[in-house]
Structures are given as C-alpha cells and as structure tokens.
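As structure tokens, the structure follows; a few thoughts come after it.
The values are calculated or read from the model by the stated rules, or taken from the named source; none is laboratory data. In this text, all values refer to a predicted model and were calculated from it rather than measured experimentally. Virtual Cβ from ideal backbone geometry, glycine too; neighbours counted across all protein chains shown. For accessibility, only protein heavy atoms count, side chains too; no ligands or nucleic acids. Shrake-Rupley method; radii C 1.70, N 1.55, O 1.52, S 1.80 Å.
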Amino acid sequence: MKISVENLHFSYPGSSREILKGLSLQCETPGECCVLGVNGAGKSTLLKCMAGQEKPGSGRVLIDGRPIREFSVAEFARRVAYIPQSHNPTFPFSVLDVAVMGRAAYLPRFATPGPRDFEIAREKLEFLKIGYLEKKLYTEISGGERQLVMLAAALTQEPKLLLLDEPTAHLDFGNQHRFLMVLQRLVNEGMGVIMTSHFPDHALYLGGMTAVLKDGVFAFCGPSSEAITTERLTSLYGLPVTVVGIPGSSRRTCVPGEL
C-alpha cells in the first residue's frame, strides 16, 4: 500500500498563517518514515491531514492513488490507524474494552464484538507485553501505559499503516526503546509506520526515511542516514548538534552542544 501527500497546503480557520506550504511525500508499506521538526512546525497537523482529521486548503492525500475522502470511515480504518499525541479518557472502560474498540471497522452498525474480536485484542495486548493490564481500568493506568493500550487498539484494527504523533512522549527511557523495537518488528512483518518525533535519535534507530519539516516545507526528505547530519540538525534546532558514531557499533547518536 502507498500513501501519498500531494502539494498539501493548510491554514487553520481564521488564521492568516499557512502552516503547511505545498508538502509532498510518498511512503510505501512496509517501511518507516520519521517526521522531525521543532514545536509548531506542523508535524501534528500533517498527520491529522493524512488521517483525514483535518481538511487541507488545497492539495490531497491518496492511498494507492485514490483520495482518502472517497473512502468510508470503515474502509479507511482497515488501512490506516492513527494515534494522536494525547488522549484524555472519559469513561472507565477496562483496558481490554479499549483494545477491542479497534474492531469497530469490521463490525456492522450496532453490533457488539464477538469472541474472535476479543481474541485479537488479547493477542495485541500480549504482543505489546501488557496483557497483565487487561482487567485494569483505562482511567487508572499511567500515561505511558495508556499509550501502549492505544497502540494495541490500533493494531487490533489490523491496518497496513500506522500514523503515530509523538508516540514516545509519555514513555520513560527504557519504554521508549522498547516501543521503537516494537515498531521495527511491525515494519519487518510488513506494516508501514509514519511517526512524528522531537528526537532525531529515534529516526536513526528506525532507519528508513526521515522528513525534516521546517517553516512549513520539507527541508529534506530521504534516507535517515542522509537526513540526520550535524549541519542539518544544527540549522533545524538552532543550537550546535554533533552527530557521532558509537564506538564498537555501526549506529550513530546526536549530541547537543552549548549555545
């Protein structure tokens, strides 16, 4: 499956500021793309447009050449799952009930999930190693645990592509790494992942593509190994950043300097 962004422009109603200025992007599954940018660069807005949550002023988003506006909600949900940056729970559903909500795209109107739907939801919770949370109330678990439960619900949709807005924002250092390992495993199993991040190290870890969003346009879009450079990150973040190799490893990391 291929998702394409073509000449996308976006401004919020009542604002003269154009947040996205003619963005174009193509991502195929399996594969990963990390969108980097400073606060307010438009990363979340881009994902909302790709998820159909916001309507661009001009340009379009397509799946396999078909505009996403032509898909029904259920059709789209069977292809793409979107996890926003934050989610405020209202009702005290159990973790399992939240995870099984991802099956809505496969159920007739007013139908309730059946045994197979709950089985799939439990499989995804176990895949993320949070099966022990199954009976806990979603409103009573930590922010990091909620993020993992939301990922379980997204996986229960059985989509081909995940759109993730700052998915590691509420995770500690160890769980950030475990989360990225899960994403890499999903890609290896055939899924596509597009995620926003403030951390260029995440893009280096995942590999694949990196799109650097600055002033409403892509300053660079290509292989992460080429996107994450000392010069580009220094320009993007406005402070000295050095990209260095890790001794004894083929991996690199980003080290900020002093202003």
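Farthest toward the positive end of the dipole of the chain, out of Gln147, Pro84, Tyr132, is the Cα of Pro84, where the dipole comes from beta carbon charges about the Cα centre. Under a 5 Å amide H cut-off, with hydrogens placed 1.01 Å from N, Tyr82 pairs with Leu163 among residues at least 5 apart or on other chains. When you restrict to C-alpha pairs under 8 Å that are six or more residues apart and normalise by the size of the range 147-249, the relative contact order lands at 18 percent. Checking the a/c ratio against 1.5 first, then a/b against b/c, what shape does the Cα gyration tensor give for the chain? The shape class here is oblate. Annotation note: trypsin sites (Lys or Arg not before Pro) in the range 4-79 located in DSSP loop regions with a Cβ neighbour count of at most 14 within 10 Å are Arg17. Take the chain with all the other protein chains still there, run a 1.4 Å probe, and you get 50 Å² of accessible area per residue.
Taking the convex hull of the alpha carbon positions in the range 15-96 and averaging its projected area over all directions gives 7.9 nm². When the chain is treated as a Gaussian network with alpha carbon springs shorter than 10 Å, the biggest mean-square fluctuation among Pro200, Pro89, Pro56 belongs to Pro89. Ellipsoid fit via the Cα gyration tensor, the range 115-185: semi-axes of 19, 16, 11 Å, each the root of five times an eigenvalue, largest first. In whole percent, and with a 1.4 Å probe on the protein chains, what portion of the accessible area of the range 53-108 is carbon and sulfur? The C+S portion of the solvent-accessible surface of the range 53-108 is 52 percent. Given q = 0.18, 0.27 Å⁻¹, what are the Debye log10 I(q)/I(0) values for the range 46-86, with equal point scatterers placed on the Cα positions and solvent ignored? Each listed q corresponds, in turn, to -0.48, -1.04. Extension gain, Thr112 to Tyr12: 0.36 nm times the residue separation minus the Cα-Cα distance gives 32.3 nm.
Do the alpha carbons of any pairs in Lys48/Lys214; Lys43/Lys124; Lys21/Lys160; Lys135/Lys160 sit beyond 19 Å of each other, and which pairs? In this structure, Lys43/Lys124; Lys21/Lys160; Lys135/Lys160 lie more than 19 Å apart at Cα. Calculated on C-alpha atoms, the gyration radius of the range 156-220 divided by its Kirkwood radius gives an Rg/Rh of 0.97. Note on the range 1-138: Rg/Rh from Cα positions, Kirkwood definition for Rh, rounded to two decimals, is 1.02. Across all C-alpha atoms in the range 126-259, the radius of gyration and Dmax reach 16.5, 49 Å. Restricting the calculation to alpha carbons of the range 195-254 gives Rg and Dmax of 11.2, 38 angstrom.
Across the chain, C-alpha contacts under 8 Å between residues 6 or more apart give a mean separation that, scaled by the residue count, equals a relative contact order of 24 percent. Near the amide H of Ser11, within less than 5 Å, lie the amide hydrogens of Ile19, Gly57, all on another chain or at least 5 residues away, with H placed in the peptide plane.
In the chain, helices alone account for a calculated mean residue ellipticity at 222 nm of -9000 deg cm²/dmol, with every DSSP H run of four or more residues adding -39,500 (n - 2.57). For the range 63-179, the alpha carbon convex hull comes to 119 Å³ per residue, rounded to a whole number. Among Leu137, Leu161, Leu206, determine the one that fluctuates most according to a GNM of the chain built with springs between C-alpha atoms less than 10 Å apart. Evaluated over the chain, the most mobile residue of the options is Leu137. Could you check which residue among Ser197, Ser44, Ser11 shows the biggest mean-square fluctuation in a GNM of the chain with a 10 Å Cα cutoff? In the Gaussian network model the winner is Ser11. The string of couplings for the range 104-115 from the Karplus curve (6.51, -1.76, 1.60, θ = phi - 60°) is 4, 5, 10, 9, x, 4, 6, 7, 10, x, x, x Hz, one whole number per residue in order, with x for Gly and Pro. Listed values for the range 22-32 are Karplus-derived 3J(HN,Hα) couplings in whole Hz (6.51 cos²θ - 1.76 cosθ + 1.60, θ = phi - 60°), namely x, 6, 9, 7, 10, 9, 10, 9, x, x, 9, and x replaces Gly and Pro. Proximity of backbone amide H atoms, modeled 1.01 Å from N, is registered between Val193 and Gly31, Glu32, Cys33, Leu162 at under 5 Å, excluding neighbours fewer than 5 places apart on the same chain.
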